[in-house]
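Only the coordinates and a few stated rules stand behind these numbers; no lab work does. Quantities reported herein were computed from a predicted structural model and do not represent experimental measurements. Don't worry about glycine lacking a Cβ; one is built from the backbone with ideal geometry, like all the others, and counts go over all protein chains shown.
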Amino acid sequence: MPITTAAEDLLAIARACRAACERLPLHVPWIYSPWQYAWPVFVQYAQRYFRPPHRMLWVGMNPGPFGMVQSGIPFGDVALVRSWLQLDAPIVPPAQQHPRRPIVGWSCARREVSGQRLWGLLSSRYRTPQACFAELFVINWCPLAFLDAAGRNLTPDRLPMPARQALGEICDRFLAAVASLAESSCIVALGAVAAAAARRATALPVLELPHPSPANPRAQRGWTQLVSTRLHDAGLW
């Protein structure tokens with residue numbers, strides 16, 4: 001399948017965002033950059049599914065340790081990335097990894113709960129990826145994952161303030177560029193961090209949904225039904 005001009009543009013702004021983020025002095029013990037070692041998978045994702053207009057742009061925060069950190073895809077539960085999104089490009093993990101958070105790519109057996117919920121919802125609603133992406137596209141605001149010295153996940157809002165501000169400026173520009181390129185008429189933000197970024201970066205209407213992470217108590221009480229109702233009430237479904 002030939003890559004579209006829109007996909008080429010998306011890949012160009014994603015590379016620029018990645019490079020700019022990687023240059024920052026973030027002073028975090030461990031930083032993983034999935035768009036380095038799993039870049040071919042994201043290229044597949046863009047090539048197959050980024051075909052504007054995408055009426056809705058669904059936005060997450062940053063890579064999770066068992067999702068995008070492993071697969072390179074936002075909310076990228078490995079099993080669903082392979083079976084439903086049908087992506088299979090090579091993943092070559094970096095030489096330097098935290099011993100408690102290995103990057104094993106397609107061999108990852110641990111499920112990514114946020115990804116199971118998100119892609120499970122979308123696969124149930126749309127049945128095929130082609131029908132799904134005719135309506136929407138899924139992206140993360142920040143391309144980097146952060147770990148403390150013990151290997152615990154650090155979300156971007158927990159970084160030191162100077163690092164958070166510098167990172168935010170870059171990622172806000174990236175989000176604005178993706179929303180424009182996708183020709184989206186609204187943003188569906190998964191969690192408060194993504195919602196705040198979307199409101200800073202664009203003038204589009206923002207529907208904030210609870211993040212599907214198991215760390216979010218609201219996601220433990222019928223997340224699928226809750227967000228389906230909100231999307232319906234907002235006229236998006």
**Complete:** With N residues in the chain, Rg(alpha-carbon) / (2.2 N^0.38 Å) equals 0.93
**Asked** So what's the back-of-envelope 222 nm ellipticity for the chain, counting only DSSP H runs of four-plus at -39500 (n - 2.57) apiece and dividing by all residues, rounded to 500?
**Response** -13500 deg cm²/dmol
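Dipole of the chain, Cα-centred, from +1 at each Lys and Arg C-beta and -1 at each Asp and Glu C-beta, to the nearest 20 debye?
Values: 23 positive and 14 negative charges, 96 e Å.
Dipole about the Cα centre, nearest 20: 460 debye.
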**Asked** Among 61-72, 145-156, 111-122, 91-102, how do they line up from the highest to the lowest mean number of other beta-carbon atoms within 10 Å?
**Response** 61-72, 111-122, 145-156, 91-102
**Message:** For a quick check, take a GNM of the chain with Cα springs below 10 Å and name the residue from Pro143, Pro217, Pro34 with the largest mean-square fluctuation.
**Reply:** Pro217
**Request:** Mind putting together the pair-distance distribution for region 176-237? All Cα pairs, 5 Å bins, whole percent per bin, short to long.
**Result:** 4, 18, 25, 23, 17, 10, 3
**Fill in**
So Arg51 and His27, fully extended at 0.36 nm per residue minus their Cα-Cα distance, gain in nm 4.9 nm
**Request:** Taking 7 Å along the Cα-to-C-beta vector as the label spot, tell me the Gln97-Gln130 distance in nanometres, rounded to one decimal.
**Result:** 3.5
**Message:** Within the chain, which whole H helices from DSSP have a Cα span along their axis of at least 20 Å and a mean Kyte-Doolittle hydropathy of 0.5 or more, if any?
**Reply:** 161-182
**Asked** Rounded to the nearest 5, what is the percent of antiparallel bridges among the DSSP beta bridges in the chain?
**Response** 30
**Karplus-derived HN-Hα couplings along region 50-64 (A = 6.51, B = -1.76, C = 1.60, θ = phi - 60°), whole Hz, x at Gly and Pro** = 8, 9, x, x, 10, 3, 10, 10, 8, 10, x, 8, 7, x, x
**Prompt:** Amide H to amide H, which residues 5 or more places from Leu154 or on other chains are under 5 Å from it, using H placed in the peptide plane?
**Reply:** Phe146, Leu147, Asp148
**Request:** Rounded to whole Hz and in sequence order, give me ³J(HN,Hα) for region 25-31 from the Karplus expression 6.51 cos²θ - 1.76 cosθ + 1.60, θ = phi - 60°, writing x for Gly and Pro.
**Result:** x, 7, 6, 10, x, 9, 10
**Message:** Once R0 is set to 41 Å, what does the formula 1/(1 + (r/R0)^6) return for the Cβ-Cβ distance between Arg199 and Ala150, expressed as a FRET efficiency to the nearest 0.05?
**Reply:** 0.80
